[in-house]
Amino acid sequence: MNIGVVVFPGSNCDHDCEYIFKDVLGQSVKMIWHKDTLPAGLDAVVLPGGFSYGDYLRTGAIARFSPVMGGVKEFAREGRLVIGICNGFQILLEAGLLPGVMLRNTSLNFICKDVYVKVENAATRFTNRCESGQVLKIPIAHADGNYYTDPVTLAGVKANAQVIFRYCTADGKVTAEANPNGSLDNIAGIMNADGNVLGMMPHPERSAETVLGNEDGRLIFLSMLSAFGKSEQQSRLVGV
Amino acid sequence: MKSLVITQALLEQHKLSEDEYKKILEILGREPNWTELGMFSAMWSEHCSYKSSRIHLKKLPTTGPRVVQGPGENAGAVDIGDGLCAVFKMESHNHPSFIEPYQGAATGVGGILRDIFTMGARPIALLNSLRFGGLDNANTRHLLKGVVSGIAGYGNCMGVPTVGGEIVFNDIYALNPLVNVFCLGIARKDKIFLGKAAGVGNPVIYFGSKTGRDGIHGATMASDSFDEEAAQKRPTVQVGDPFTEKLLLEACLELMSGDCLVGIQDMGAAGLTSSACEMASREGTGVELELADVPRREPGMTPYEIMLSESQERMLMVAKAGREGEVIKICRKWDLDVAVIGRVTDTGKVVLKENGHIVAEIPAKALADDGPRYDRPSSPPAYQEMLQALNHDTLPDVKDANAALLALLDSPTIASKRWVYEQYDHMVRTNTMVRPGSDAAVLRVKGTNKALALSVDCNGRYCLLNPYEGAKIAIAECARNLACSGAEPIGVTDCLNFGNPQRPEVMWQFVLAIEGLKDACEALKVPIVSGNVSLYNETNDLSIYPTPMIGMVGLIEEADRTATQWFKQAGDVIVLLGRTREDLGGTEYLKVLHHREQGSPPLLNLEDEQAVQACTIRLIREGLVQSAHDCSDGGLAVALAECCVSGTDGRVGAVVELQLDGLRRDALLFGESQSRIVLSVKQEQVEKVLEVAMNAGVRASRIGTVGGSRLVIRVNGDQRAAGCTIDLDVTTVHERWALAIPRALGQD
């Protein structure tokens, strides 16, 4: 698979995403400077986490004007895979590629810790290696992860099965206590209506290796490979 | 040059003594002008010149087979194999953090990060050591919240994980908190960059943020004591911009990947003055700068202001002649200001011009290296004997051991620091194998099979009671934390926080602490490769406890051979390495339960320490232990409680049985005897573990079993005294320990 990882000024999970796709999963990765255009031949684009433009304004609000974003929108419109993690999710919201906005966490603090999320829809190109209802342990690290949208949009998103991950307890109960940031309906990740753009606040790239003590996040990346007809086996061989 | 009337008042304002001024006259052969006086004032400040500490620092061991760069550069570097170096340093930002906690702490993080990436290393870990007053004080709560969010705000944005640290709360720090920040980066051994202005004719290039009027005379402020007027010093605190620093980091590493760079140094304390004169002095060259070319935030800045500004996120670099274009292109790519502001010369002087006219001319070496040196008088304080005298017979022994344990777990110094570290991104860069909350943080080193363990530590109360022993213990305990992760210590950085060196009792503490550090480092064979001294930590004439903070780096050869502190599995056997003595002096128990900070700190035998650590490292490397935790604040009972409740995947109980054997009950449970480690071991490995310990000459006792939902510690009495029992539900233990800080902050 050919993966493009966009580097905004202030991106800081770009190397982590590169490491997962290239060193762990053996795929080909191109780092794309935000002032450049998307190279031809990409299968998926990653908008990584970080603090694009320092997040001094609303998170993602400036990054959406980066020159590369025109190409990313076009890429998404063609139905190809785009995943935004954390700040990448915030940028997708600001760019209008996903519905809704992010508010400050209700605690008003930055929160970094493991959380549990429930896979609400396993029939997607990002979750096909998960079971429906499966609970994944994946860390979050953000100050603005409190997802919000208007009731009409929310109803549409839910009716369309676009809610992909919801914060839950270790045994899969979606409760207020399991919600780390005040997110509407415990939403941790959503997809667009066409099913090719995913935004998620948790960081799967931080929980995809045994050496880090947790491989749950790896399922997201393996699902993307599966969507391209690649298996774990193949990916390992490519890595050699 | 404008002439200037040098008055006594002007010298005092610049914190220069009459003798120092005479020396300036000698060096220049004339009176300095306003700009030159400011430059001398900054460079000869305690903060920049180490004038009171330098003759003592020379005694520290700084060499060893792994040392690639010792003290004197932006940071130290040690070889970790595979062609890589660990580059690290610790620095204080105490005074600014008291004046303005968020920005003070944030810019402390910014400064230490620049010290690391200036060397060509990508920063991969931050840690911090903090000291505050008691949390019952509203201003302390304000300082804690401000400092923590400042560290988080800067480090998180930079994408460098804050993986560990420690905090002590004690009223002595109420008006002089300590904010010490440690950073570690990884560099290729053959690609380490130094701050040198080499090659006459090479361009001197400024890049990063523009220069503003902030932080002028920060270095001088940091070398002053505080009083009620401290708040008025707020304009001397700089404002941080982590986004620009992130761009600066990436631009630097991109510049360093090529071959156009000759030398580089960040503009920290004393700004452009220190970077220019230190780079020239190291190389024996000079520099000539045109100040009109320095990127500035506002018009009308004087040479004095430009040279003494401590605006953050700025770098000075010497590039190869003719390669300016490449440098400028990379800086522009990262949207940074960049300007060629001068050339390297052979005059040995820092020559400053403004629109072609000379505005300052000083020998670089005079500013950077020939500052005053003082061998200040030292003598023990009058109260020292009274402090050390502690008659155990006047202390009633503990009766309700349950209540005592819960009180200790509720002490913010001992309690869980989760409220703090959850605000720090501690996982970014995906190297963090052991997160905050164990004895040491452990990070894998990508591209190798290795891991690094990192720990920061110091018990200031021990250092107050006995500066020599306290400093020894700081080194020993840091190394012990690493040993509990299976790591062999390979390098130390220190941050020596003391009071006013013009007080003989403070110098006495300082000199003895240096001796302690020296002896402990030599015994444990670990060199000090970088460091920082922070003096004048006193407010309203009250000095802090002597606090020589230690940051230590350990190497784990095989990343999967490491350990964490918490118990893993019911049925595992608990083994205590080391010997428990009647060490009650200076303990947290004595402070919390008896409101006394008195006595002699625990005895430390460096040979025993070394044996216990070597034994633990060996056991972990051979895969024989399930967990390893060092006994420190609160003693064995607190260590056992932490083993039960600090785990990332839930809690587990334990049943332990101890023999009084002539000790007091409180000394056995809560005494802080050194060189002790609590292990948990699979049943089938116990014999092997005891055998390894015996062969290493380490006392090892089987004291209990992991399991159940209660922490039970039974102390069997002897003919002299009755025993006692701790018997608590682990949920109660956990609740007390985990929520103590939020409770104290009023957030539970």
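Bear in mind these aren't lab numbers, they're just calculated from the coordinates by the rules spelled out. Computed from a prediction, not measured in an experiment: that's the story for all the values here. FYI the Cβ positions are ideal-geometry reconstructions off the backbone, even for glycines, and counts take in every protein chain you see.
Under 20 °C and 1.002 mPa s, how fast does segment B:343-484 diffuse according to Stokes-Einstein, given a Kirkwood radius computed over C-alpha pairs? Answer in µm²/s, whole number.
Value of D from the Cα-based Kirkwood radius: 98 µm²/s.
For segment B:638-748, the relative contact order is 37 percent, taking Cα pairs closer than 8 Å that sit 6 or more residues apart in sequence and dividing their mean separation by the residue count.
Projecting the Cα positions of B:Ile330, B:Gly268, B:Gln384 onto the charge dipole of the protein assembly as shown (unit charges on Cβ atoms of Lys, Arg, Asp and Glu, taken about the Cα centre) puts B:Ile330 furthest along the positive direction.
With the convex hull built on the Cα atoms of chain B, state its orientation-averaged projected area in nm².
Details: hull surface 120.6 nm².
With every direction weighted equally, the projected area is 30.1 nm².
Dipole of the protein assembly as shown computed with +1 at Lys/Arg Cβ and -1 at Asp/Glu Cβ about the Cα centre; of B:Gly185, B:Ser209, A:Ile138, farthest Cα towards the positive end is A:Ile138. What pairs from B:Lys51/B:Lys525; A:Lys30/B:Lys210; B:Lys89/B:Lys246; B:Lys189/B:Lys472; B:Lys191/B:Lys446 go past 21 Å between their alpha carbons? Those over the limit are B:Lys51/B:Lys525; A:Lys30/B:Lys210; B:Lys189/B:Lys472.
All alpha carbon pair distances within segment B:592-748 were sorted into 5 Å bins beginning at 0; the resulting P(r) in whole percents reads 2, 8, 15, 19, 20, 18, 12, 5, 2, 0, 0.
The separation of segment B:487-537 from segment B:413-438, counted between C-alpha centres, amounts to 26 Å. Here is the tail figure for segment A:4-48: Cα pairs spaced more than 12 Å apart come to 55 percent of all pairs. Taking one quarter of the surface of the C-alpha convex hull of segment B:281-395 gives a mean projected area of 14.6 nm².
Our compactness index for segment B:27-100, the C-alpha radius of gyration over the empirical 2.2 N^0.38 Å, is 1.56.
Segment B:47-96 and segment B:327-362 have Cα centres separated by 28 Å. Each of A:Asp36, B:Asp259 was scored by other Cβ atoms within 10 Å of its Cβ. Listed from fewest to most, they are B:Asp259, A:Asp36. The residues B:Met90, B:Met386, A:Met69, when put in order of fewest to most other Cβ atoms within 10 Å, stand as B:Met386, A:Met69, B:Met90. Taking every C-alpha pair closer than 8 Å and separated by at least 6 residues, the mean separation divided by the residue count of chain B gives a relative contact order of 15 percent.
Once the Cα gyration tensor of segment B:92-203 is diagonalised, what are the square roots of 5 times its eigenvalues, in whole Å and ordered largest first, as equivalent ellipsoid semi-axes?
Over the Cα atoms of segment B:92-203, the ellipsoid semi-axes are 32, 15, 11 Å.
Taking +1 at the Cβ of each Lys and Arg and -1 at the Cβ of each Asp and Glu, which of A:Pro67, A:Ser52, A:Gly172 sits farthest along the dipole of segment A:2-227 towards its positive end, judged by Cα position relative to the Cα centre? Going by the Cα projections, it comes out as A:Pro67.
Roughly how many debye, to the nearest 20, is the charge dipole of the protein assembly as shown about its Cα centre, given +1 on each Lys and Arg Cβ, -1 on each Asp and Glu Cβ, and no other charges? Could the numbers behind the result be given before it?
Working: 96 positive and 119 negative charges, 361 e Å.
Computed charge dipole of the protein assembly as shown: roughly 1740 debye.
For segment B:1-126, the calculated P(r) over all alpha carbon pairs, in 10 Å bins from 0 to the bin holding the longest distance, is 11, 28, 28, 24, 9, 1 percent.
Sorted from longest to shortest, the spans of the Cα atoms of segment A:2-227 along the three principal axes equal 43, 36, 32 Å.
Starting from the Cα gyration tensor of segment A:103-233, multiply each eigenvalue by 5, take the square root, and state the resulting semi-axes largest first in whole Å. Could you put the intermediate results ahead of the total?
Values: eigenvalues 101, 72, 29 Å².
Largest first, segment A:103-233 gives 23, 19, 12 Å.
Across segment A:50-117, Cα-Cα pairs farther apart than 21 Å form 28% of the total. According to the Kirkwood relation over distinct C-alpha pairs, the hydrodynamic radius of the protein assembly as shown is 29.4 Å. The charge dipole of chain B, taken about the Cα centre with unit charges on the Cβ atoms of Lys, Arg (+1) and Asp, Glu (-1), comes to about 1240 debye, rounded to the nearest 20.
Listed cross-link partners B:Lys591/B:Lys682; A:Lys73/A:Lys113; A:Lys22/B:Lys450 are compared with a 30 Å cut-off, the Cα-Cα value being larger for B:Lys591/B:Lys682; A:Lys73/A:Lys113.
Looking at segment B:416-529, the pairs of alpha carbons with a distance over 26 Å make up 30% of the total.
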